[in-house]
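Colleague: Encoded as structure tokens, here's the structure I'll be asking about.
The values are calculated or read from the model by the stated rules, or taken from the named source; none is laboratory data. Just so you know, these numbers come straight off a predicted model, no measurement behind them. Ideal geometry is used to build each Cβ from the backbone, glycine not excepted, and the neighbour counts take in all protein chains shown.
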Amino acid sequence: MENIFKKWRDSLEKTREVTFGKIANFFGATEIDDSSFDELEELLIQADLGPETTIKLLDRCSDLVDERGLTRTDQLEGLVKAELAALLEQPEEPALNHGPTVIMVTGVNGSGKTTSIAKLAARYKAMGKKVLLVAADTYRAAAMDQLEVWAKRVDVPIITAAQDSDPGAVTYDGIKAGLARGSDVILIDTAGRLHTRYNLMEEIKKVHRVAGKALPGAPHYSWIVLDTTTGQNALRQAEAFAKAVHLNGAILAKLDTSAKGGMVFAVRDQLQLPIIYAGLGEKLDDLQLFDRKSFVDSIFDR
Ligand SMILES: Nc1nc2c(ncn2[C@@H]2O[C@H](COP(=O)(O)OP(=O)(O)OP(=O)(O)O)[C@@H](O)[C@H]2O)c(=O)[nH]1
Ligand SMILES: [Mg+2]
């Protein structure tokens, strides 16, 4: 436990120093008055919670301050932390023992999809699962090469296709291959695409549909990888992807290089999207199951 918290604490240094540290410092022996809430509002928005989530949170805190008769800002600290934690939920690792589980990973260019897939492959392999990678990013030969390098490093099989071939066809073949091999987990890497490009979003819908044709019920998990350094922009991306492919979770990549950790709360609160994993670095073992308590404690830790 100690080690997990240390990992989170170390990785969240930027968010802590640049944004939430200011919030932690705000709490002290001062009286709570109207300006306290104004100041907190500004700090939370700076920390990238977004205006809606910030206002919702502070309204609730203000009610609780009245209810409990709190008078000093240091009494507010526990309240704000508890309410922030309440915005999040603790995810569970997907159960991967119901026959082949197909996980499709989407997101905008460069968000961290391929790296996250490699990390997931390593994680599930270490759990004793038979993993298969499917390179459905057929736009760039380099993208397939990149996933192949990871497949070698993690030592898991991979299905690739010729450059510019139909990503739906590779997905179909990949899932069929996984079924034939008795894979427990089939991880589908897709090409990065801008959420505003109509044709590319139609294409990802098709890949999603084709997965269901190869195996009814697939993809069982459809996760978006969000680059947390992009803060509130990531929310707009997730909204667009959710419309296209029925997302049921998010992976938050690059939390270790982001100062915008507050977007984590907005993703959960405004999109109702559970956060399953967090990328806390570039190494294979840097993908962690999202840990709500470690996250909130780390960003405030002095
Ligand atoms: N520090 C850090 N870097 C990360 C993390 N996840 C991904 N990266 C880096 O982000 C860069 C882009 O990662 P990719 O996995 O290639 O992103 P992608 O979404 O597959 O990109 P496209 O396929 O081009 O859309 C790489 O340099 C990764 O090493 C993370 O959690 N922490
Ligand atoms: Mg990629």
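Colleague: Would you mention how many residues in the range 81-118 are over 22 Å from residue 246 (Cβ atoms) and in contact with a Lys or Arg (Cβ under 8 Å, 6 or more places away or on another chain)?
Modeller: Qualifying residue count, the range 81-118: 5.
Colleague: Just the residues that are within 15 Å of residue 169 (Cβ to Cβ) and either in contact with a Leu (Cβ under 6 Å, 6 or more places away or on another chain) or charged (D, E, K, R) (or both), please, taken from the range 212-227.
Modeller: Passing the criteria: only 213.
Colleague: Residue 259 is checked against (1) within 16 Å of ligand 1 (Cβ to nearest atom); (2) under 17 Å from residue 296 (Cα atoms); (3) under 13 Å from the mean Cα position of the chain (by Cα) and fails just one. What number does that condition carry?
Modeller: (3)
Colleague: Residues in the range 117-125: is at least one buried (at least 20 other Cβ atoms within 10 Å of the Cβ), more than 9 Å from ligand 1 (Cβ to nearest atom) and among the basic types (Lys, Arg)?
Modeller: Yes, because at least one residue in the range 117-125 is buried (at least 20 other Cβ atoms within 10 Å of the Cβ), more than 9 Å from ligand 1 (Cβ to nearest atom) and among the basic types (Lys, Arg).
Colleague: Just to confirm my filter: which helices (runs of 4 or more DSSP H) fall fully inside the range 209-302 and include at least 2 residues that are more than 16 Å from ligand 2 (Cβ to nearest atom) and closer than 21 Å to residue 114 by Cβ? Please lay out each step first, then the result.
Modeller: Working: elements: 233-245, 263-271, 292-300.
Per the criteria, 233-245.
Colleague: Still on this structure, please answer the following. Tell me which residues, restricted to the range 127-138, are within 14 Å of ligand 1 (Cβ to nearest atom), in a loop (DSSP other than H, G, I, E, B) and not polar (S, T, N, Q).
Modeller: Start the filter on the range 127-138 by keeping residues that are within 14 Å of ligand 1 (Cβ to nearest atom), which leaves 133-138.
Next, from what is left, pick out any that are in a loop (DSSP other than H, G, I, E, B): 137-138.
Residue satisfying the conditions is 137 alone.
Colleague: Being surrounded by 22 or more Cβ atoms within 10 Å (Cβ to Cβ) and at pLDDT 95 or above is the requirement here; does residue 167 meet it?
Modeller: On the way: surrounded by 22 or more Cβ atoms within 10 Å (Cβ to Cβ): yes; at pLDDT 95 or above: yes.
Against the criterion (surrounded by 22 or more Cβ atoms within 10 Å (Cβ to Cβ) and at pLDDT 95 or above), residue 167 qualifies.
Colleague: Out of all the residues in the range 1-44, which are among the charged types (D, E, K, R) and outside any helix (DSSP H, G or I)?
Modeller: 31, 33
Colleague: Same structure again: Name the residues in the range 229-268 that are among the charged types (D, E, K, R) and either within 17 Å of residue 19 (Cβ to Cβ) or in contact with a Pro (Cβ under 9 Å, 6 or more places away or on another chain) (or both), would you?
Modeller: Listed by number, the residues that qualify are 254, 256, 260, 268.
Colleague: Now for a separate question. Could you tell me whether the range 157-169 includes any residue that is more than 14 Å from ligand 2 (Cβ to nearest atom), among the aliphatic types (A, V, I, L, M) and either under 15 Å from residue 120 (Cα atoms) or in a loop (DSSP other than H, G, I, E, B) (or both)?
Modeller: So far as the range 157-169 goes, yes, one or more of its residues are more than 14 Å from ligand 2 (Cβ to nearest atom), among the aliphatic types (A, V, I, L, M) and either under 15 Å from residue 120 (Cα atoms) or in a loop (DSSP other than H, G, I, E, B) (or both).
Colleague: Pull up the range 177-194, narrow it to residues that are of a type outside the set (A, V, I, L, M) and surrounded by fewer than 23 Cβ atoms within 10 Å (Cβ to Cβ), then point me to the one that is nearest to ligand 2 (Cβ to nearest atom).
Modeller: Applying the filter and picking the extreme gives 192.
Colleague: Please state which of the following conditions residue 132 fails to meet, knowing it meets all the rest: (1) modelled with pLDDT of 95 or more; (2) of a type in the set (A, V, I, L, M, F, W, C); (3) surrounded by fewer than 22 Cβ atoms within 10 Å (Cβ to Cβ); (4) under 25 Å from residue 249 (Cα atoms).
Modeller: Residue 132 satisfies all of (1) modelled with pLDDT of 95 or more; (2) of a type in the set (A, V, I, L, M, F, W, C); (3) surrounded by fewer than 22 Cβ atoms within 10 Å (Cβ to Cβ); (4) under 25 Å from residue 249 (Cα atoms) except (3).
Colleague: Here's another thing I want to ask about it. Need the failing condition index for residue 111 against (1) within 16 Å of ligand 2 (Cβ to nearest atom); (2) surrounded by fewer than 22 Cβ atoms within 10 Å (Cβ to Cβ); (3) modelled with pLDDT of 95 or more; (4) in a loop (DSSP other than H, G, I, E, B), just the number.
Modeller: Every condition holds for residue 111 apart from (2).
Colleague: When the residues of the range 139-175 are filtered to those that are in contact with a strand residue (DSSP E or B) (Cβ under 8 Å, 6 or more places away or on another chain) and of a type in the set (Asp, Glu), which remaining residue is farthest from ligand 1 (Cβ to nearest atom)?
Modeller: The selected residue is 173.
Colleague: For residue 104, which of the numbered conditions (1) in a helix (DSSP H, G or I); (2) within 16 Å of ligand 2 (Cβ to nearest atom) fails to hold?
Modeller: (1)
Colleague: Next question. Go through (1) on the phi < 0 side of the Ramachandran plot; (2) within 16 Å of ligand 1 (Cβ to nearest atom); (3) touching a strand residue (DSSP E or B) at 6+ places or on another chain (Cβ under 8 Å) one by one and return the number of the condition residue 110 breaks.
Modeller: Every condition holds for residue 110 apart from (1).
Colleague: Which residues, taken from the range 1-53, are touching a strand residue (DSSP E or B) at 6+ places or on another chain (Cβ under 7 Å) and among the small types (Gly, Ala, Ser)?
Modeller: Selection gives 29 alone.
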